Amino acid sequence: MRIASLVLRIPPEQISATRQVLATIAGVQVHAHDSATGKVIVTIEDGPGYSTADSILAVHKVPCVLSATLAYEYGDPDTPLAGESSLHFRPPALGASPCH
């Protein structure tokens with residue numbers, strides 16, 4: 001079992017739409033957000049067919065995620081690493097205005 005926690009920075013006006021996209025990524029759970037600062041806390045847990053690394057990369061590809069900081073990581077030494085995954089996540093556009 002592998003678990004990671006990330007602190008994301010997102011433009012405050014995009015938090016709601018971005019949270020919906022994050023929730024579609026395998027193993028990702030959104031736990032909290034601060035609409036004033038644009039911070040969002042997520043945890044990522046591995047599972048059958050995907051690893052935490054797959055999901056962390058998918059989080060980085062979500063439009064409007066300005067940064068992702070690893071806050072916590074745990075890996076059970078008795079559990080083998082997940083193999084290569086066929087998970088290919090391409091997040092949908094969040095609207096007409098692109099984030100830069």
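Before moving on, here are some points about what is shown:
- Ser35-Ala23 pseudo-label distance in nm [points 7 Å out on the Cα-to-Cβ vector]: 1.6
- Pairwise FRET efficiency - Glu45 versus Leu66, Cβ, R0 = 22 Å, nearest 0.05: 0.40
- Note, ³J(HN,Hα) from phi for segment 45-54, Karplus 6.51, -1.76, 1.60, rounded to Hz, x at Gly and Pro: 10, 6, x, x, x, 8, 10, 4, 4, 4
- With contacts taken as Cα pairs under 8 Å at a separation of at least 6 residues, segment 1-71 carries a relative contact order of 46 percent.
- In the assembled protein chains, Val7 presents an accessible area of approximately 40 Å² (probe radius 1.4 Å).
- Surface accessible to a 1.4 Å probe, Ile25 within the full protein complex, Å²: 10
The values are calculated or read from the model by the stated rules, or taken from the named source; none is laboratory data. In this text, all values refer to a predicted model and were calculated from it rather than measured experimentally. Glycine gets a Cβ as well: all are built from the backbone with ideal geometry, and neighbour counts include every protein chain shown. With ligands, DNA and RNA removed, areas are computed over all heavy atoms of the protein, side chains included. Shrake-Rupley method; radii C 1.70, N 1.55, O 1.52, S 1.80 Å.
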